[in-house]
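*Asks:* The structure's right below; bear with me while I get my questions together.
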Amino acid sequence: MTERLSSGPQRLQKLMAAAGLCSRRQAEALISAGRVTVNGAVAALGDQADPRHDTVLVDGRPLGRHEAFCYLLMHKPVGMVTTLSDPAGRPVVTDLLRDLPVRVYPVGRLDLTTSGLLLLTNDGALANRLAHPSHEVEKTYLVRVRGALTPEAVRRLEQGVDLADGPTAPARVSRVRGSGGHAWFELTIHEGRNRQVRRMCEALGLPVSRLMRIRYAFLTLDGLAPGQYRHLTAAEVARLKQL
Ligand code: URA
């Protein structure tokens with residue numbers, strides 16, 4: 001379900017999220033990029049509109065037009081960005097989508113050099129819920145670092161690492177193995193801070209040389225090669241909504 005709106009003027013990002021178009025943060029990016037108009041005038045961040053009287057268009061399409069919800073699970077390859085568009089002209093993950101009748105948006109983000117499981121949807125309400133820190137969705141990463149993952153490093157990851165934006169919540173470390181000056185392991189976290197895994201490892205003196213998200217809640221990459229995606233099943237969507 002999308003969020004309910006009270007009547008009267010509302011912030012544009014709230015209207016856009018309530019219409020299931022995207023998350024509020026993504027709506028702000030669309031507004032800043034000049035892709036939203038209100039009654040024919042390009043909107044600015046902070047503008048409001050009344051859905052009963054004003055015409056709000058995103059990329060020229062009416063906000064109120066009903067779109068079916070679409071939920072995709074992608075195996076993001078290295079070298080693509082998860083933003084809506086990239087000023088530097090790098091490939092964006094939505095370039096990989098073919099013949100979709102709706103526009104979908106990544107849930108959270110993965111770095112340019114991170115591969116792995118990425119959800120995309122036009123269900124702004126669910127995207128907001130999943131990305132919200134209070135929902136603590138578990139994400140597991142396969143990590144390769146330069147150096148050895150000592151028992152002390154494991155203990156620190158599991159206790160929480162002090163980062164510039166505060167200590168991380170306790171993480172889980174498993175399947176530790178080493179080869180040729182590198183260590184491989186799986187790290188499970190339930191926060192979603194910017195570059196969190198890389199920063200946690202760097203704080204322990206272990207630069208990350210490969211990073212792949214292999215699990216998001218109960219979802220895995222099974223059967224998907226890099227660049228491939230599939231639609232979630234109705235049962236998977238229902239389970240995500242219950243998280
Ligand atoms: N943590 C990171 O450091 N990078 C990602 O892309 C995802 C999690």
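*Asks:* Using +1 at the C-beta of Lys and Arg and -1 at the C-beta of Asp and Glu, which of Val107, Pro87, Gly147 has the Cα lying farthest in the positive direction of the dipole of the chain?
*Replies:* It is Gly147, whose Cα lies furthest towards the positive end.
*Asks:* Per-residue ellipticity at 222 nm for the chain, helices alone: DSSP H runs ≥ 4 residues times -39500 (n - 2.57), over residue total, nearest 500 deg cm²/dmol?
*Replies:* Result for the chain, helices only: -5500 deg cm²/dmol.
*Asks:* Once the other residues with Cβ under 9 Å from the Cβ of Gly8 are scored (Lys, Arg +1; Asp, Glu -1), what is the net sum?
*Replies:* Local net charge: 0.
*Asks:* Find which of Val58, Ala18, Ala68 sits farthest along the positive direction of the dipole of the chain, computed with +1 on the beta-carbon of Lys and Arg, -1 on that of Asp and Glu, about the Cα centre.
*Replies:* With unit charges placed on the Cβ atoms, the residue in question is Ala68.
*Asks:* Write out the trypsin sites (Lys or Arg not before Pro) in the range 79-149 meeting two conditions: DSSP loop, and at most 14 other Cβ atoms within 10 Å of their Cβ.
*Replies:* Arg98
*Asks:* Please go through the range 25-89 and write out the trypsin sites (Lys or Arg not before Pro) that DSSP classes as loop and that have at most 12 other C-beta atoms within 10 Å.
*Replies:* Sparse-neighbourhood loop trypsin sites (Lys or Arg not before Pro): Arg52, Arg65.
*Asks:* Using the Kirkwood radius over Cα pairs, work out the Stokes-Einstein diffusion coefficient for the chain at 20 °C and 1.002 mPa s, in µm²/s as a whole number.
*Replies:* 110 µm²/s
*Asks:* Could you tell me the distance between the Cα centroids of the range 77-105 and the range 162-185, to the nearest Å?
*Replies:* Their Cα centres are 29 Å away from one another.
*Asks:* Roll a 1.4 angstrom probe over the protein heavy atoms and tell me the percent of accessible area of the chain that is carbon or sulfur.
*Replies:* 52 percent
*Asks:* Say we join alpha carbon atoms closer than 10 Å with springs in a Gaussian network model of the chain; which of His75, His231, His53 then has the biggest fluctuation?
*Replies:* Top of the fluctuation ranking is His53.
*Asks:* To make sure I understand the rule: partners must be aspartates and glutamates, Cα under 20 Å from the Cα of Lys14, and not fewer than 8 residues away in the same chain. Which ones qualify?
*Replies:* Cross-link targets: Glu3, Glu28, Asp47, Asp50, Asp54, Asp59, Glu67, Asp123.
*Asks:* Now for a separate question. Does the range 65-166 come out rounded, prolate or oblate, given a ≥ b ≥ c as the square roots of the eigenvalues of its C-alpha gyration tensor, rounded meaning a/c under 1.5 and, failing that, prolate meaning a/b above b/c?
*Replies:* Prolate, since a/c reaches 1.5 and a/b exceeds b/c.
The values are calculated or read from the model by the stated rules, or taken from the named source; none is laboratory data. These numbers come from a predicted model, not from an experiment. So basically every Cβ, Gly included, is an ideal-geometry build from the backbone, and we count neighbours across all protein chains shown. Calculation scope for accessible area: heavy atoms of the full protein, side chains included, ligands and nucleic acids excluded. Shrake-Rupley method; radii C 1.70, N 1.55, O 1.52, S 1.80 Å.
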